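Undergrad: Would you mind keeping the following structure in view while I ask a few things?
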Amino acid sequence: MAPLVKYTTLFINNQWVDAKSGKTFETFSPNDGSVIARVSEGDKADIDLAVSAAKAAFHRNSEWRLLDASARGRLLNKFAELVERDIQYLGELESYNNGMVLGMAVGIVQKSINGARYAASLADKIQGDTIPADGDLFSYTLKQPVGVCGLILPWNAPILMFINKVCTALAAGCTVVVKPAEQTPLTSLALAALLKEAGVPAGVVNVVTGFGPGAGTSLTHHPDVAKISFTGSLEVGKHIQQAAGKTNLKRVTLELGGKSPLVIMNDADLKLAVPFAARGVFGNQGQMCFAASRLFVQSGIYEQFVEEAVEFAKNIKVGNPVDPGVEHGPQVDREMMAKVLGYIEKGKQEGAKLMCGGKRIGSTGYFIEPTVFVDVQDDMIIAREEIFGPVQSIFKFETLDEVIERANNTNYGLASGIFTNNINNALHFARHVEAGNVWINTYLASTAQTPFGGFKDSGVGREKGIDCVDEYLEVKTVTISLQKEF
Ligand code: NAP
Ligand code: MG
């Protein structure tokens, strides 16, 4: 049975309100293309209202700003408890709107809860320094919240993104306006209701559903927004960085996907490497910023690895994401499905060898077969551009130094991995690969405690980890004269 959709309007100042224009848009189930609900289409007028609510909630005398930091932490812990109470429902709603396999959706909500609790634990540990300044001076620093933050979310892991960004911003003492992706507005609204239930004061969190060109750009251009945190495509990330400098100088954190290399050395344990490589690119139907979309396999094991990888891909169970045993659901929408199928065609045209998959499954919903290409060359389009779909591209290499050069030959730098039983090779790779994350004999292992973000075009700044709140703080230096009056 489909989960109940409780909220479909904007959430501003702790109230559920229609868009000023009265407009709504349809949101779909990618499993069968059916309409789930109509959701309010927020635009500039609604962003203006939401930002002004967030600005009022950030006033130095507001309830929120007067709250002890430990109380902010307790509110976030309360929120985490409520998310845990509703974990099954939230997982189902995510799966319904996004197509994520239910077990994975519930697992990601659990990860998000860990993130919320981690952020909560940081709220009262935001401390400055005392500084031995030259001369008869005494200096100390205060770390203060940057202000109203615009949080712009992608559709591939909406709950995780919402919770990570919102809880970090709130731990720092900021107030926020969230713009969820057009495809997946429902879980952000459900989470807003839980923040209200947890007791977060009015205006601290606002959610404006709508489109990038309307609600999104209004947020990035708003002069009262001090910071934007965005996860999504490189193309939009570049627009956001430019927009952020137009009406004021916003701080920006950008997480922009990648073309991540995973290296399998001759001495790797294939029992581990084959499934990790497969899950690293087929998980969430390939809709993962850190997808292992360039799989480099050393020549000594190339044939055997390819055989096992193809066998693995062929055995992935595809179907309705809520059915037990299903491992692989639909792409998020028709447009993304068409984009991925387009890349598969380009791969074939450019001479990559298709070993399995490559086609749409059926005509209902947006399903694509797990697809494996071998003999992929570095200059092919499928080797350079982010596909964001279930396409494993396998490359052959001879030496570690060669593969490091090739792995780094990309404008992206989000994640990377190596499977080897030689510690020297692993550490050499970790030192020289240009990526924000390196996984050794594992992949996708990212927790609340570990910083996450990219080198090069994969982004600016880091999320998670002990320094994550710094992205939402300003440092203020206070200097006192110690000169005595005689
Ligand atoms: P996107 O266009 O980058 O969208 C991400 C978010 O930004 C959405 O909320 C979107 O709103 C909003 N947005 C779009 N244009 C904007 C603008 N000019 N100003 C402010 N906000 C704006 O991503 P997408 O179209 O959903 O996916 C396209 C590609 O992005 C994918 O194929 C994939 O390669 C990549 N991607 C990467 C990640 C990641 O985790 N790094 C996640 C998702 C997608 P709307 O939803 O209303 O357009
Ligand atoms: Mg979009």
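Undergrad: Looking only at the stretch 106-160, count every residue that is assigned to a helix (DSSP H, G or I) and either open to solvent by less than 20 Å² (accessible area, probe 1.4 Å) or not assigned by TED's automatic domain parsing to the domain that holds residue 221 (or both) and tell me the total. Break it down into steps so the answer makes sense when it comes.
TA: Residues of the stretch 106-160 that are assigned to a helix (DSSP H, G or I), as a first pass: 106-125, 158-160.
Of the ones still in play, those that are also either open to solvent by less than 20 Å² (accessible area, probe 1.4 Å) or not assigned by TED's automatic domain parsing to the domain that holds residue 221 (or both) are 109, 112-113, 115-116, 119-120, 122-123, 158-159.
Total meeting the criteria: 11.
Undergrad: Right, another one. Can you tell me which residues in the stretch 277-326 are open to solvent by 40 Å² or more (accessible area, probe 1.4 Å) and at positive phi?
TA: Result: 325, single match.
Undergrad: Hand me the list of strands (runs of 3 or more DSSP E) wholly inside the stretch 1-92 holding 1 or more residues that are assigned by TED's automatic domain parsing to the domain that holds residue 183 and farther than 26 Å from residue 170 by Cβ.
TA: On the way: elements: 10-12, 15-17, 24-28, 35-40.
Hits in the stretch 1-92: 24-28, 35-40.
Undergrad: Moving on to the next point. Looking only at residues that are among the charged types (D, E, K, R) and within 14 Å of ligand 1 (Cβ to nearest atom) in the stretch 230-283, which one is farthest from the chain's Cα centre (by Cα)? Explain how you work it out, then say what you get.
TA: Applying the first criterion (among the charged types (D, E, K, R)) to the stretch 230-283 yields 235, 238, 246, 250-251, 255, 259, 267, 269, 271, 279.
Of the ones still in play, those that are also within 14 Å of ligand 1 (Cβ to nearest atom) are 235, 238, 246, 250, 255, 259.
Working: 235: 16, 238: 17, 246: 25, 250: 20, 255: 7, 259: 15 Å.
Checked the stretch 230-283; the qualifying residue farthest from the chain's Cα centre (by Cα) is 246.
Undergrad: Here's a follow-up. Restricting to the stretch 167-185, count the residues that are farther than 17 Å from residue 47 by Cβ, buried (at least 24 other Cβ atoms within 10 Å of the Cβ) and within 16 Å of ligand 2 (Cβ to nearest atom).
TA: 1
Undergrad: Regarding residue 230, is this residue at pLDDT 95 or above, of a type in the set (Phe, Trp, Tyr) and either open to solvent by less than 30 Å² (accessible area, probe 1.4 Å) or more than 15 Å from ligand 2 (Cβ to nearest atom) (or both)? Give the derivation first.
TA: On the way: at pLDDT 95 or above: yes; of a type in the set (Phe, Trp, Tyr): yes; either open to solvent by less than 30 Å² (accessible area, probe 1.4 Å) or more than 15 Å from ligand 2 (Cβ to nearest atom) (or both): yes.
Judged against the criteria, residue 230 is a match.
Undergrad: Just the residues that are among the hydroxyl-bearing types (Ser, Thr, Tyr) and near ligand 1 (Cβ under 10 Å from one of its atoms), please, taken from the stretch 172-187.
TA: We begin by selecting, within the stretch 172-187, every residue among the hydroxyl-bearing types (Ser, Thr, Tyr); these are 175, 184, 187.
Residue satisfying the conditions is 184 alone.
Undergrad: If you take the residues in the stretch 15-31 that are open to solvent by less than 20 Å² (accessible area, probe 1.4 Å) and not hydroxyl-bearing (Ser, Thr, Tyr), which one is nearest to residue 192 (Cα to Cα)?
TA: Going residue by residue through the stretch 15-31, those that are open to solvent by less than 20 Å² (accessible area, probe 1.4 Å) are 19, 25, 27, 29-30.
Now drop any that are not not hydroxyl-bearing (Ser, Thr, Tyr), which leaves 19, 25, 30.
Values: 19: 17, 25: 19, 30: 23 Å.
Result: 19.
Undergrad: Also, quick follow-up: Can you say whether residue 193 is of a type outside the set (D, E, K, R), assigned to a helix (DSSP H, G or I) and either touching a helix residue (DSSP H, G or I) at 6+ places or on another chain (Cβ under 6 Å) or within 16 Å of ligand 1 (Cβ to nearest atom) (or both), as far as the supplied structure shows?
TA: Details: of a type outside the set (D, E, K, R): yes; assigned to a helix (DSSP H, G or I): yes; either touching a helix residue (DSSP H, G or I) at 6+ places or on another chain (Cβ under 6 Å) or within 16 Å of ligand 1 (Cβ to nearest atom) (or both): no.
For residue 193, the condition - of a type outside the set (D, E, K, R), assigned to a helix (DSSP H, G or I) and either touching a helix residue (DSSP H, G or I) at 6+ places or on another chain (Cβ under 6 Å) or within 16 Å of ligand 1 (Cβ to nearest atom) (or both) - is not met.
Undergrad: Can you pull out the residues in the stretch 196-210 that are part of a loop (DSSP other than H, G, I, E, B) and within 11 Å of ligand 1 (Cβ to nearest atom)? Reasoning before the result, please.
TA: Taking the stretch 196-210 first, the residues part of a loop (DSSP other than H, G, I, E, B) are 199-204, 208-209.
If the condition is that a residue be part of a loop (DSSP other than H, G, I, E, B) and within 11 Å of ligand 1 (Cβ to nearest atom), then 208, 209 are the ones that fit.
Undergrad: Whether any residue in the stretch 215-229 is closer than 13 Å to residue 181 by Cβ and either of a type in the set (Phe, Trp, Tyr) or within 11 Å of ligand 1 (Cβ to nearest atom) (or both) is what I want to check.
TA: Yes, the conditions are met somewhere in the stretch 215-229.
Undergrad: Give me the pairs: first residue in the stretch 225-248 and touching a residue at least 24 places away in the same chain (Cβ under 8 Å), second residue within 16 Å of ligand 2 (Cβ to nearest atom) and open to solvent by 50 Å² or more (accessible area, probe 1.4 Å), beta-carbon distance under 7 Å, and six or more apart or on different chains, which are they?
TA: If the second residue must be within 16 Å of ligand 2 (Cβ to nearest atom) and open to solvent by 50 Å² or more (accessible area, probe 1.4 Å), the pairs left are 243/217.
Undergrad: For the list (1) small (Gly, Ala, Ser); (2) open to solvent by 10 Å² or more (accessible area, probe 1.4 Å); (3) farther than 19 Å from residue 163 by Cβ, I need the number of the one condition that residue 42 fails.
TA: Going through the list (1) small (Gly, Ala, Ser); (2) open to solvent by 10 Å² or more (accessible area, probe 1.4 Å); (3) farther than 19 Å from residue 163 by Cβ, residue 42 breaks only (2).
Undergrad: Does residue 257 meet the test of being within 16 Å of ligand 2 (Cβ to nearest atom) and either within 30 Å of residue 149 (Cα to Cα) or not in a loop (DSSP other than H, G, I, E, B) (or both)?
TA: Working: within 16 Å of ligand 2 (Cβ to nearest atom): yes; either within 30 Å of residue 149 (Cα to Cα) or not in a loop (DSSP other than H, G, I, E, B) (or both): yes.
When the stated conditions are applied, residue 257 passes them.
Undergrad: Give just the number: which of (1) in contact with a Gly (Cβ under 7 Å, 6 or more places away or on another chain); (2) more than 18 Å from residue 386 (Cβ to Cβ) does residue 298 not satisfy?
TA: Evaluating residue 298 over (1) in contact with a Gly (Cβ under 7 Å, 6 or more places away or on another chain); (2) more than 18 Å from residue 386 (Cβ to Cβ) leaves (1) as the failure.
Undergrad: Considering only residues that are touching a Phe, Trp or Tyr at 6+ places or on another chain (Cβ under 6 Å) and free of Cβ contacts under 8 Å to residues at least 40 places away in the same chain, look in the stretch 401-452 and name the one that is surrounded by the fewest Cβ atoms within 10 Å (Cβ to Cβ).
TA: Only one residue tops the list, namely 445.
Undergrad: crowded, with 19+ Cβ neighbours inside 10 Å, of a type in the set (D, E, K, R) and modelled with pLDDT of 95 or more: does that describe residue 345?
TA: Numbers: crowded, with 19+ Cβ neighbours inside 10 Å: no; of a type in the set (D, E, K, R): yes; modelled with pLDDT of 95 or more: yes.
In short, no.
The values are calculated or read from the model by the stated rules, or taken from the named source; none is laboratory data. Computed from a predicted structure; not experimentally measured. In this analysis, Cβ positions are derived from the backbone assuming ideal geometry, glycine residues included, and neighbour counts consider all displayed protein chains. Only protein heavy atoms, including side chains, enter the accessible area calculation; ligands, DNA and RNA are left aside. Shrake-Rupley method; radii C 1.70, N 1.55, O 1.52, S 1.80 Å.
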